[in-house]
Amino acid sequence: MTVTKGRRQRRPQRFRPPAVQPEQFRHGQGMSEAPSGTSERRRYQVKRAIFALCLVLLAAALSALGTWQVERLAWKRDLIARVDQRVHAPPVPAPTRAEWNMVNATDDEYRRVTAVGMLANDKETLVYASTALGPGYWVMTPLTLADGTSILVNRGFVPTDRRDPALRREEQLSGPVAITGLMRMTEPKGSLLQSNDVAADRWYSRDVAAITHKRGVSAAAPYFIDADATANPGGLPVGGLTVIAFPNNHLLYAITWYGLAAMVLALLVFVLRGERAAA
């Protein structure tokens, strides 16, 4: 009997996953997340730094605005002092034609001046006015000087029911007159709410060039004179109603801007302290 030796069959080996150490299992995810967490923190720090820089720039801008208002305050106080001095100074002759090109608001506005001439009553212009006496009109009349030049004079206020020159003939002076008052600069184009309607002869501001051109007055001074309170025959027009007021809120504005700058700086300190606490 023949015995045949068969080949020994091998059992298939099972797949065994590599052993995972507990330390690796516990920190496996952390190793992949560490770089991501670091970059995220860096992005956060960059954003905080940019925000802090913006706060610094904003605080600097607000402080600059506050300083500008302080400078404006000094300028306004100087202006008020200069105007007050001019208003109470003795009158001087009104600038002549040779001096017209040097007339400016900074040096001449509200200066007391005197001019002598003849009133061109037939060329008067009524300019709408709202005064302490109520609504009405300024009576703007050219004053012709001895050299042939003219100065537009605001003789004063008349109420609406006396706007017609025929109702106030007493004040239509025909002889030489001396006008004393305050120099004023031209008010071109119109008021804040209304534009002058030259064609319709409706006036809302004392635009020297437009009025003199409309009335055919040549060689007119670039300024006009607000007549003082010297009484006119018949009581009209009423002069001396010039309102001199300069709004002066610059100190309040300066405090506001500096206060906002302080608030921004306080926020900056809060941000920086939060950054240190997080570190």
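The values are calculated or read from the model by the stated rules, or taken from the named source; none is laboratory data. Just so we're clear, the structure is a prediction, and the values are computed from it rather than from any experiment. We work out accessible area using only protein heavy atoms, side chains counted, and drop any ligands, DNA or RNA first. Shrake-Rupley method; radii C 1.70, N 1.55, O 1.52, S 1.80 Å.
Structure notes:
- Ratio Rg/Rh [Cα only; Rh per Kirkwood] for the stretch 36-133: 1.42
- Kirkwood-Stokes translational diffusion coefficient of the stretch 148-211, alpha-carbon pairs, 37 °C, 0.692 mPa s, µm²/s: 234
- Rg and Dmax over the alpha-carbon atoms of the stretch 78-228 stand at 15.0, 45 Å.
- Distances between placed amide hydrogens fall under 5 Å for ALA129 paired with GLY136, TYR137, TRP138, all partners being 5 or more residues away or on another chain.
- The stretch 49-147, accessible surface, carbon-and-sulfur percent (1.4 angstrom probe): 64
- Residue-wise HN-Hα coupling along the stretch 75-83, computed from phi with Karplus coefficients 6.51, -1.76, 1.60 (Hz; x: Gly, Pro): 5, 5, 5, 5, 4, 4, 5, 5, 5
- Alpha-carbon gyration tensor eigenvalues x 5, square-rooted, for the stretch 150-269, Å: 43, 18, 14
- Database remark: amide H of VAL153 closer than 5 angstrom to the amide H of THR141, LEU143, ILE225 (H placed geometrically; neighbours at sequence offset of 5 or more, or on other chains; Pro and chain starts carry no H).
- Note, ³J(HN,Hα) from phi for the stretch 111-125, Karplus 6.51, -1.76, 1.60, rounded to Hz, x at Gly and Pro: 6, 7, 9, 10, 9, 10, x, 10, 7, 8, 4, 6, 10, 5, 10
- Against the rule of thumb 2.2 N^0.38 Å, how large the Cα Rg of the stretch 203-279 comes out: 2.47
- Derived scalar couplings between HN and Hα for the stretch 88-97 equal 9, 7, x, x, 10, x, 5, x, 8, 4 Hz in order, rounded to whole Hz, by the Karplus curve 6.51 cos²θ - 1.76 cosθ + 1.60 (θ = phi - 60°), x for Gly and Pro.
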